[in-house]
Amino acid sequence: MAIGTISGQLGRQREFDATFRAATAAAALLVLLLLGGVMVALGVGAWPAFSHFGPGFLVNSAWNPVSDQFGALPAIFGTLVTSLIAMLIAVPLALGVAVFLTELCPPVLRRPIGTMIELLAAVPSIIYGIWGLFVLAPFLQLTVQPILIDIFGGIPIIGLLFEGPPLGLGILTAGFILAMMVLPFIASVMRDVFQTVPPMLRESAYGLGATTSEVVRDIVVPFTRTGIIGGVMLGLGRALGETMAVTFVIGNAHEIHASLLAPGTTISATLANEFTEAVSKLYVSSLFALGFILFVITFLVLAAAKFMLFRLERQAGG
Amino acid sequence: MSRYARRRVANRIYLALSFAATAVGLIFLVLVLYALLRNGVPALSGTLFTAATPPPGSAGGLANAIYGSVVMTVVATLVGTPVGILTGTFLAEFGRGSPFAAVVRFVNDILLSAPSIIIGLFVYQIVVVPMGHFSAWAGSIALALIVIPVVVRTTENMLALVPNSLREAASALGTPQWRVIMQVIYRAAIQGMLTGVMLAVARIAGETAPLLFTALNNQFWTANMNAPMANLPVVIFQFALSPYNDWQVLAWGGAMLITVTILALNILARLLAGWSNQTP
């Protein structure tokens with residue numbers, strides 16, 4: 001083969017290389033622009049509401065589409081409270097699952113049980129919604145909530161949390177469903193970070209006569225603290241933005257009650273319910289503003305989660 | 001009680017609690033699946049797959065919704081997968097250690113867990129508003145945006161598992177880099193990448209929130225991608241919250257169909273991944 005054709009071929013291959021490389025870089029840039037685009041698009045949509053209501057939008061609890069009065073407080077309140085309930089239930093459970101899978105479970109069962117827990121995360125939100133509406137809510141209404149009211153209703157202050165009739169639908173039910181949905185996410189992160197503990201540390205503790213619970217409490221948990229917090233934040237990020245399941249069971253009322261049994265709403269439930277019915281420009285913009293607030297909150301929580309997990313990764317690697 | 005006995009008891013209690021926590025998780029899964037089967041099986045009939053969604057009070061099925069879900073899922077996967085694979089390739093092959101890649105990786109992880117309803121709002125703003133109407137295209141785009149981060153993540157992880165000696169051996173033979181990646185690296189990682197795509201499909205098959213403001217819904221048969229299109233999740237949402245019993249039955253039937261499909265995809269994907277881990 002002549003020298004010329006070979007160098008021509010080489011040149012062509014170099015061009016292919018450059019093209020391929022540019023294509024992958026362009027795709028990566030697209031992913032980057034996507035996040036920026038989301039922020040800008042939501043910001044643009046939300047601007048009329050923010051400029052019309054000012055910062056008061058965040059603390060105003062009115063929500064009246066007829067008189068065009070909108071405030072974000074009930075939705076923000078509902079979002080935070082339901083997520084808090086979810087975390088209070090899901091974090092201890094997830095810790096238990098992770099301890100079971102890493103310390104207790106016979107190795108043969110580890111994969112099947114781990115997979116079943118992860119399948120819980122694969123079930124779509126809407127399925128939890130329909131289940132919550134037709135199965136969980138009636139059960140809570142007829143069985144659990146009357147007991148809660150009986151036990152706590154008479155106690156001052158705590159009683160306020162369980163005031164009112166057992167409706168089945170409400171903040172507590174939404175928190176419950178959310179707990180079920182984020183449990184697998186937190187549990188699988190915790191299991192993964194527990195596995196980063198060097199076997200030598202664990203074995204030395206056992207060698208000194210520590211029990212399994214002492215090894216977990218004094219060795220595994222301190223070593224993986226940042227990773228555990230990262231997993232919890234990841235779950236929190238999910239809980240804050242969960243839409244369909246919450247929309248089914250929260251009752252959708254723009255109200256703030258001290259009682260956990262009362263109906264409420266969250267940002268995502270408000271969007272799911274009202275967006276396609278919003279007529280006035282200010283109404284649509286207020287919904288965009290809610291979306292923007294949700295995006296900012298989840299972004300901060302998820303960024304913190306990534307940062308924590310990244311720190312653990314570096315610690316484990318170095 | 002001696003100190004030793006006390007520690008042993010504390011340990012027993014602790015372990016029993018962690019066992020109970022796992023049992024609670026598994027019971028949730030069983031309860032949900034049981035309710036789906038109990039309420040979904042009665043909805044199974046010939047017309048479920050052949051008739052379109054009915055008006056309240058008359059017989060019908062979910063054919064138009066099933067069709068819409070399948071079409072939008074396929075289009076979203078076809079659009080999202082190449083972008084995801086290219087980005088994952090960039091992160092694993094070209095951008096190792098570069099600050100730009102670190103930022104993309106971080107942003108991708110945020111997108112992976114970002115609320116899907118936000119994606120719906122975004123696509124509404126950039127596609128539905130300029131077009132002036134809801135459409136199946138908009139729904140497909142919203143779902144594609146959810147596919148991308150899942151595929152990016154798995155592609156990068158799978159490519160990172162390919163041993164460097166393969167890359168070096170191929171390069172030493174004078175192979176240009178694009179050929180090394182396309183014909184050596186991809187071939188070594190194909191099962192894992194396929195797993196990622198299947199997980200992405202399973203994820204979007206049940207997504208509801210991003211479709212609410214993009215594809216909307218449609219009572220009738222349509223194959224027009226430029227018009228609102230029925231899809232299983234939104235139909236379930238509408239029918240389950242309706243007061244009509246026959247609509248609720250259909251909602252349960254749709255819910256069972258979606259869940260069975262998604263769980264099957266997940267289990268298949270895991271089997272595929274496990275199988276590829278064992279073959280060196």
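The rows are residues; the columns are (1) under 25 Å from the mean Cα position of the chain (by Cα); (2) among the aliphatic types (A, V, I, L, M); (3) open to solvent by 40 Å² or more (accessible area, probe 1.4 Å).
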{"site": "B:Ser2", "(1), (2), (3)": "no, no, yes"}
{"site": "B:Val9", "(1), (2), (3)": "no, yes, yes"}
{"site": "B:Leu17", "(1), (2), (3)": "no, yes, yes"}
{"site": "B:Pro42", "(1), (2), (3)": "no, no, yes"}
{"site": "B:Gly46", "(1), (2), (3)": "no, no, yes"}
{"site": "B:Phe49", "(1), (2), (3)": "yes, no, yes"}
{"site": "B:Ala63", "(1), (2), (3)": "yes, yes, no"}
{"site": "B:Thr73", "(1), (2), (3)": "yes, no, no"}
{"site": "B:Thr81", "(1), (2), (3)": "yes, no, no"}
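Please find, within region B:19-38, the residue that is nearest to the other protein chains (Cβ to nearest Cβ) out of those that are open to solvent by 40 Å² or more (accessible area, probe 1.4 Å) and either closer than 11 Å to B:Leu250 by Cβ or of a type in the set (Val, Ile, Thr) (or both). This residue is B:Val24.
The rows are residues; the columns are (1) within 12 Å of another protein chain (Cβ to nearest Cβ); (2) under 21 Å from B:Val24 (Cβ atoms); (3) touching a residue at least 12 places away in the same chain (Cβ under 8 Å).
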| site | (1), (2), (3) |
| --- | --- |
| A:Pro138 | yes, yes, yes |
| A:Ile147 | no, yes, no |
| A:Pro156 | no, no, no |
| A:Phe162 | no, no, yes |
| A:Pro165 | no, no, yes |
| A:Ala174 | no, yes, yes |
| A:Leu178 | no, yes, yes |
| A:Met181 | yes, yes, yes |
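A single entry from A:Gly43, A:Gly78 fulfils the requirement of being under 24 Å from B:Tyr124 (Cα atoms), in contact with a helix residue (DSSP H, G or I) (Cβ under 9 Å, 6 or more places away or on another chain) and in a helix (DSSP H, G or I): A:Gly43.
Of all the residues in region A:258-281, those that are away from chain B (no Cβ under 12 Å) and either crowded, with 20+ Cβ neighbours inside 10 Å or in contact with an Asp or Glu (Cβ under 8 Å, 6 or more places away or on another chain) (or both) number 9.
For region B:212-223, the criterion of being within 13 Å of chain A (Cβ to nearest Cβ), buried (at least 24 other Cβ atoms within 10 Å of the Cβ) and under 16 Å from the mean Cα position of the chain (by Cα) is met by none of the residues. Given the structure, is B:Ala144 within 22 Å of A:Leu290 (Cα to Cα) and modelled with pLDDT of 95 or more? The answer is no for B:Ala144.
The number of residues in region B:92-115 being more than 7 Å from chain A (Cβ to nearest Cβ) and touching a residue at least 40 places away in the same chain (Cβ under 8 Å) comes to 4. If B:Asn224 satisfies every condition in (1) out of contact with any Lys or Arg (no Cβ under 9 Å at 6 or more places or on another chain); (2) within 23 Å of B:Ile148 (Cβ to Cβ) but one, which is the exception? Unmet for B:Asn224, out of (1) out of contact with any Lys or Arg (no Cβ under 9 Å at 6 or more places or on another chain); (2) within 23 Å of B:Ile148 (Cβ to Cβ): (2).
For A:Ala122, the test of being surrounded by 15 or more Cβ atoms within 10 Å (Cβ to Cβ) and in contact with a Lys or Arg (Cβ under 9 Å, 6 or more places away or on another chain) is passed.
Residue-level check: of (1) in contact with a Ser or Thr (Cβ under 8 Å, 6 or more places away or on another chain); (2) under 30 Å from B:Val74 (Cβ atoms); (3) assigned to a helix (DSSP H, G or I), B:Arg179 misses just (1). What do you reckon, is A:Ala94 part of a helix (DSSP H, G or I), under 16 Å from A:Val189 (Cβ atoms) and under 18 Å from the mean Cα position of the chain (by Cα)? Answer is yes for this residue. Restricting attention to region B:240-259, which residues are assigned to a helix (DSSP H, G or I) and touching a residue at least 24 places away in the same chain (Cβ under 8 Å)? If the condition is that a residue be assigned to a helix (DSSP H, G or I) and touching a residue at least 24 places away in the same chain (Cβ under 8 Å), then B:Asp246, B:Trp247, B:Val249, B:Leu250, B:Trp252, B:Gly253, B:Gly254, B:Ala255, B:Met256, B:Leu257, B:Ile258, B:Thr259 are the ones that fit.
Only a single item in (1) within 14 Å of chain B (Cβ to nearest Cβ); (2) open to solvent by 50 Å² or more (accessible area, probe 1.4 Å); (3) among the aromatic types (Phe, Trp, Tyr) is not met by A:Phe77, and it is number (1).
Checked across region A:144-153, the condition of being over 28 Å from the mean Cα position of the chain (by Cα) and not in a helix (DSSP H, G or I) holds for at least one residue. Answer with yes or no whether B:Phe237 is more than 17 Å from B:Ile141 (Cα to Cα) and more than 11 Å from every other protein chain (Cβ to nearest Cβ). The answer is no for B:Phe237.
The values are calculated or read from the model by the stated rules, or taken from the named source; none is laboratory data. What you see is a predicted model, and the numbers here were worked out from it, not measured in a lab. Here Cβ is always computed from backbone atoms with ideal geometry, including for glycine, and neighbour counts include all displayed protein chains. Note: accessible area is taken over every heavy atom of the protein model, side chains too, but ligands, DNA and RNA are not part of it. Shrake-Rupley method; radii C 1.70, N 1.55, O 1.52, S 1.80 Å.
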